[in-house]
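The values are calculated or read from the model by the stated rules, or taken from the named source; none is laboratory data. Here the structure is a predicted model, which is why all the values come from computation and not from measurement. When we count neighbours, we look across all protein chains shown, and the Cβ atoms used for this are built from the backbone with ideal geometry, even at glycine. The accessibility values were calculated without ligands, DNA or RNA, using every heavy atom of the protein model including side chains. Shrake-Rupley method; radii C 1.70, N 1.55, O 1.52, S 1.80 Å.
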There are 2 protein chains.
Amino acid sequence: MNAISQRLEDLREVMQREHLAAFIFPSTDPHQGEYVPDHWKGREFISGFNGSAGTAVVTMHSAALWTDSRYFLAAEEQLRGTGFQLMKLKMEGTPTIAEWINAQCALHHAPTTEVGIDGWCSSASAVKELIGELRKEGGLTLRTNLDPLQQIWTGRPAIPLHPVEQHPLQYAGESCREKLARIRQALHQRHADGMLMAALDDIAWTLNLRGTDVHCTPVFVAYLLISSATATLYINNVKLTPEVISYLKAEGVGVDAYENVVRGLKDYFESNILLDPDEVNYALYQVAKSKEKGDWRTGVSCKVVEEESPVKRMKTVKNATEIAGLRSAMLKDGIAMVQFLKWLDETIASIANSDSSLGHGVDGASVSELSVSEKLASLRAAQPLFRSLSFDTIAGYGPHAAIVHYEATPETDAVLQPHGLLLLDCGAQYLDGTTDITRTIAMGPLTDEEKSVYTLVLKGHIQVELCCFPSGASGTQLDILARQAMWREGMNYLHGTGHGVGSYLSVHEGPHQLRMEWKPAPLVAGMTVTDEPGIYLAGRCGVRIENTLLIVPYKESEFGRFLQFESLTLCPIDKRPIITDMLTAEERQWLNDYHRLVFDRLSPHLSADECEWLSQACAPL
Amino acid sequence: MNAISQRLEDLREVMQREHLAAFIFPSTDPHQGEYVPDHWKGREFISGFNGSAGTAVVTMHSAALWTDSRYFLAAEEQLRGTGFQLMKLKMEGTPTIAEWINAQCALHHAPTTEVGIDGWCSSASAVKELIGELRKEGGLTLRTNLDPLQQIWTGRPAIPLHPVEQHPLQYAGESCREKLARIRQALHQRHADGMLMAALDDIAWTLNLRGTDVHCTPVFVAYLLISSATATLYINNVKLTPEVISYLKAEGVGVDAYENVVRGLKDYFESNILLDPDEVNYALYQVAKSKEKGDWRTGVSCKVVEEESPVKRMKTVKNATEIAGLRSAMLKDGIAMVQFLKWLDETIASIANSDSSLGHGVDGASVSELSVSEKLASLRAAQPLFRSLSFDTIAGYGPHAAIVHYEATPETDAVLQPHGLLLLDCGAQYLDGTTDITRTIAMGPLTDEEKSVYTLVLKGHIQVELCCFPSGASGTQLDILARQAMWREGMNYLHGTGHGVGSYLSVHEGPHQLRMEWKPAPLVAGMTVTDEPGIYLAGRCGVRIENTLLIVPYKESEFGRFLQFESLTLCPIDKRPIITDMLTAEERQWLNDYHRLVFDRLSPHLSADECEWLSQACAPL
């Protein structure tokens, strides 16, 4: 019996005892972050699947895992032999979780129709939606006050206790006190006097603090409760130095123990409180709801205002200091990328020139997905203010690049050959900014299909770069620009086209996105957004080209204010795979202009050899 | 005192008696159609504003009318001197109706906080939303069971009693019986056994019947109540011939009096019933809700299923017969348009060649917005199977074209001069199909601005024509293609880019649309959609170019099925205003290909003179 089977057996024992027909493990934690501390990786514990998005569901006789197209191939691999069936989200015929549980219960004549989920680890909106869906399907009910992992997960990692540090004003650009004032003003407009903040990046942004509790994301586990007069940070106080505590006090923020947030919420409640139901977990949401009373018409008000947290949008609009920091971070990242790309070119050339066809260089050395990732990380780490990677590097060679969020392991690690395409999606956390870039690089001769796919992706990328739009347009409206060229060839990608990027914070920042699904958040000047179309041909190749863009003013007219994008990322885009005839004159012009910009910005910081390489890489098409 | 002032005084007397602080008059009727019979034009009666969309609100001391950008200029004109303030929807600073009422009540210390609306003339969803908004704003409440127009509208037109006629299978392509079977199957999938249909075009489509109760739209006033075993048409039976009654009986549809729908709904209710809250009015919705009982878990079910009517989407996907009919209608419409455009060219040339600068031809004749509309209507009327126009022709010359839904009146009627642009948006109802086309035509020399704006609109139009997309994409995703070129020049239009078109039915057919706002309805093969970007420069000029398109298969790949557009409209696009250099090679190619198609399809049906004119109009750019 393998580890997963044992865990399922343990879980089913708990389920039997608790009269549960099924248990649901989302990928989320009490703070609804995309990346979660190990303590809350319950879905990975129970299923073995380690992607950033996925939901595991276990019934008494079966188990299934829902994930999106980024992880189809990876999940298939990881779930093999675990007893978990892969459910591909957004594909025809994939049942919803509620449909599947209901069908399983019917099939096995389940003696109960109660389903479990840990109310602490799902957002209020997700649980409320789930309750509705389960009710529709055979009248299933949901229990939210049980965490079976407490009983079955031996050696469960503790909630991290890493120290918290101040994020200096020279990088943040706005003091905690000023941010709190802006937040209170925004709350007032929403008829609320306070709010409970649970999103770790929102808390870090508000307080100008950073931590290392989450892999690659400089946040710390805490809650922040704001009222009109006070603010309280709920956090394990071993994480705070006396300096940080007195800094917080000076900014008007008190400190209490992490667990005391429940009591804080209960005691606090003398006026309307805003809870973002997408951010606050169901357990805390219920605490607040249970305290609702009175009627605002009578003047005695004590309501939960369920709206999007105003901090989400505030945080995405960068101030001048943050923008300057992002430019600095992008410059350093570009230098490291150029050093890496030059090294890679030379290494692959040496392999190509050797006798061996096994991917060994003239000196017998070989490079692989993992080794190039390490090389790149070491070059980034040498840059000033480097703190960590901003996510685990995705280095996919050949068919591996078709696995959208592929992560090489020693078992899968492919040796690079002097042909085909290497996809490299990577980024770093610098004190002054966060980076996120994808390049797809020719290792040598390419097939016509590889070239054509590469050029289609590049066309899509450039069309987004060229886009102008009225202030307030949504990312959904812009998304097609990245896809129109590939759609004409009957190709597509199922992930979004772009997301916001934080300032020494999360590499994925909302609520705005470029994607096909409706994302109403208006695009405004000062936001960052990535531009990363791709095409993935299973078993053959994958291409993605990504820059991080800044939204900047374009022009004003009788029709209002218009915006455009400016590339923050400074790194050449490989020209070798391009089928030049497929580009329009305007697209060619953009690429040449971009490459001139890259050369002009980076060359003063490079050695003569590096400059020589870059000048070739940036030569006009 | 003018008529509107008198009506407001009468209304306020009723409001005072009924203790109402405000009364709201939407543009809708009990059937939620875009165009309504005169009987329900209460908003026009009370405000004088006759646009197709707008909401009038009257308080004891003030009055205001909300409408969208299509009608800003027209409404300003029509509301002058009425005491109504114009509220421009989607413009910064425009209050919501609830905000405005609340502010007015506060300003004038209104002794009551109750607002009135006629529950028969607003959809259930609109009223429910309004209730929420009013409650938020100062705790206003809503009363829905009063129609003050019954007391103050002397000479109110009766509900029309025009005869209903069968729409033969040779045009409909699917029998009523077959449609009912498909509807029942769709209802079953939505856990409903029956539905109440209130949308007049849905009823006409389902029953293969047509009428003339609504201006330019071949529908008749009725409700249709469908259960698993029966179907009942609620209609004033003077409208039905014995033949139609026996036809209906043969198709499994009974008939009852229009007013009896309330009783029918009450009696019917032995199982789940689907009511589309966007379609069914609040009064009938409440009748159904009051009958809800039981719990589906117990098996005794009697619920209102609130979902989009399945008929909406069914109707938009045309069958082979309807598509053939649309092609035939478009051919006839194209012939009439070519005859008209040739006549217009010659007439304007004669005016240009005359001595007069007053718009008179050599023979002393002049043409105006109204006279060209009449000429065009007479040419369309000469075509086989012509029944009526599909909407009132919009003929706007010069600055009038900037008024998006301008309708010339004898007072505004502009004489055409041999320069500038004439915008002509028009269409017809033929027994075999409905048409909708806009052309903007050069009357002679143009300014650089006119040419540039025309070319930007054409570029947008062509980009939509060229678009390919995955089956199921939404119109929101495609909309930007029509705007990207003009956005780069800081221009825009605030209306949608396209809408469905019926088959001898409504010229505006949903639920799919091309527009910036979120319209999730998936685009699938067999749907019609217009492509009509525009630019409007107030006081200067307006341009719109519209074809009606059919969604057809494009290609299939490992990424699924892809679709494309095919132009159904057959009419040359004026080349004289085009700045050729602004078009891409692909855009030029599209225009030349389209013009070749127009010539090939129309020329066999034209006289030698007409062919000669068309051959010039369709010559390659």
Any residue at all in the stretch A:57-68 that's under 26 Å from A:Pro533 (Cα atoms) and of a type in the set (Phe, Trp, Tyr)? yes
Would you confirm, using the coordinates I've provided, whether A:His19 is out of contact with any helix residue (DSSP H, G or I) (no Cβ under 8 Å at 6 or more places or on another chain) and at pLDDT 95 or above? yes
Subset of the stretch A:547-579, residues closer than 27 Å to A:Leu344 by Cβ and surrounded by fewer than 20 Cβ atoms within 10 Å (Cβ to Cβ), comes to A:Ser567, A:Asp574, A:Lys575, A:Arg576, A:Ile579
Could you please let me know if B:Lys332 is of a type outside the set (A, V, I, L, M), open to solvent by less than 20 Å² (accessible area, probe 1.4 Å), touching a residue at least 40 places away in the same chain (Cβ under 8 Å) and closer than 30 Å to B:Arg380 by Cβ? yes
Restricting attention to strands (runs of 3 or more DSSP E) lying wholly within the stretch B:445-517, give those where 3 or more residues are open to solvent by 10 Å² or more (accessible area, probe 1.4 Å). B:509-514
Any chance the stretch A:387-395 includes a residue that's surrounded by 24 or more Cβ atoms within 10 Å (Cβ to Cβ) and part of a loop (DSSP other than H, G, I, E, B)? yes
All positions within the stretch B:244-257 that are surrounded by 12 or more Cβ atoms within 10 Å (Cβ to Cβ) and either in contact (Cβ under 8 Å) with a residue 60 or more places away in the chain or under 18 Å from B:Arg184 (Cα atoms) (or both): B:Val244, B:Tyr247, B:Leu248, B:Glu251, B:Gly252, B:Val253, B:Gly254
For A:Ile403: the one exception among (1) modelled with pLDDT under 95; (2) crowded, with 20+ Cβ neighbours inside 10 Å; (3) out of contact with any helix residue (DSSP H, G or I) (no Cβ under 7 Å at 6 or more places or on another chain): (3)
Report the residue count in the stretch B:530-551 for those that are at pLDDT below 95 and either assigned to a strand (DSSP E or B) or not hydrophobic (A, V, I, L, M, F, W, C) (or both). 1
Residue selected from the stretch A:552-571 under the condition in contact with a strand residue (DSSP E or B) (Cβ under 8 Å, 6 or more places away or on another chain) and in a loop (DSSP other than H, G, I, E, B), by the criterion farthest from the other protein chains (Cβ to nearest Cβ): A:Cys571
Looking at the stretch B:213-243 only, could you name the residues that are polar (S, T, N, Q), touching a residue at least 60 places away in the same chain (Cβ under 8 Å) and under 15 Å from B:Leu161 (Cβ atoms)? B:Asn236, B:Thr241
The stretch B:407-427, residues that are over 21 Å from B:Asp574 (Cα atoms) and under 19 Å from the mean Cα position of the chain (by Cα): B:Glu407, B:Ala408
Got a number for residues in the stretch A:403-430 being of a type in the set (S, T, N, Q) and not in a loop (DSSP other than H, G, I, E, B)? 1
Quick check: is even one residue across the stretch B:592-599 in contact with a Gly (Cβ under 8 Å, 6 or more places away or on another chain), crowded, with 20+ Cβ neighbours inside 10 Å and within 12 Å of another protein chain (Cβ to nearest Cβ)? no
Scan the stretch A:600-618 for residues that are touching a residue at least 40 places away in the same chain (Cβ under 8 Å), out of contact with any Leu (no Cβ under 8 Å at 6 or more places or on another chain) and either among the aliphatic types (A, V, I, L, M) or open to solvent by 60 Å² or more (accessible area, probe 1.4 Å) (or both) and jot them down. A:Asp609
Within the stretch A:480-499, is there a residue that is away from chain B (no Cβ under 14 Å), of a type in the set (Lys, Arg) and under 24 Å from A:Leu583 (Cβ atoms)? no
Failed criterion for B:Gly138 (all others in (1) within 30 Å of B:Asn2 (Cα to Cα); (2) in contact with a Cys (Cβ under 9 Å, 6 or more places away or on another chain) hold): (1)
Looking at the structure I just gave you, is A:Gly534 over 16 Å from the mean Cα position of the chain (by Cα), open to solvent by less than 10 Å² (accessible area, probe 1.4 Å) and away from every other protein chain (no Cβ under 11 Å)? yes
Those residues of the stretch A:223-243 that are among the aliphatic types (A, V, I, L, M), crowded, with 16+ Cβ neighbours inside 10 Å and assigned to a loop (DSSP other than H, G, I, E, B) come to a total of 2
Do we find a residue being in a helix (DSSP H, G or I), at pLDDT 95 or above and either touching a Ser or Thr at 6+ places or on another chain (Cβ under 9 Å) or open to solvent by 30 Å² or more (accessible area, probe 1.4 Å) (or both) anywhere in the stretch B:273-284? yes
Checking the conditions here, which among A:Leu142, A:Leu130, A:Leu149 is modelled with pLDDT of 95 or more, aliphatic (A, V, I, L, M), under 24 Å from the mean Cα position of the chain (by Cα) and under 18 Å from A:Ile24 (Cβ atoms)? A:Leu130
Determine if the stretch B:520-529 includes at least one residue that is more than 25 Å from B:Ala401 (Cβ to Cβ), under 12 Å from the mean Cα position of the chain (by Cα) and either more than 14 Å from chain A (Cβ to nearest Cβ) or in a loop (DSSP other than H, G, I, E, B) (or both). no
Of all residues in the stretch B:222-251, how many are more than 23 Å from B:Leu274 (Cα to Cα), in contact with a helix residue (DSSP H, G or I) (Cβ under 9 Å, 6 or more places away or on another chain) and among the acidic types (Asp, Glu)? 0
Please pick out the residue among A:Arg182, A:Arg156 that is assigned to a helix (DSSP H, G or I), surrounded by fewer than 16 Cβ atoms within 10 Å (Cβ to Cβ) and not polar (S, T, N, Q). A:Arg182
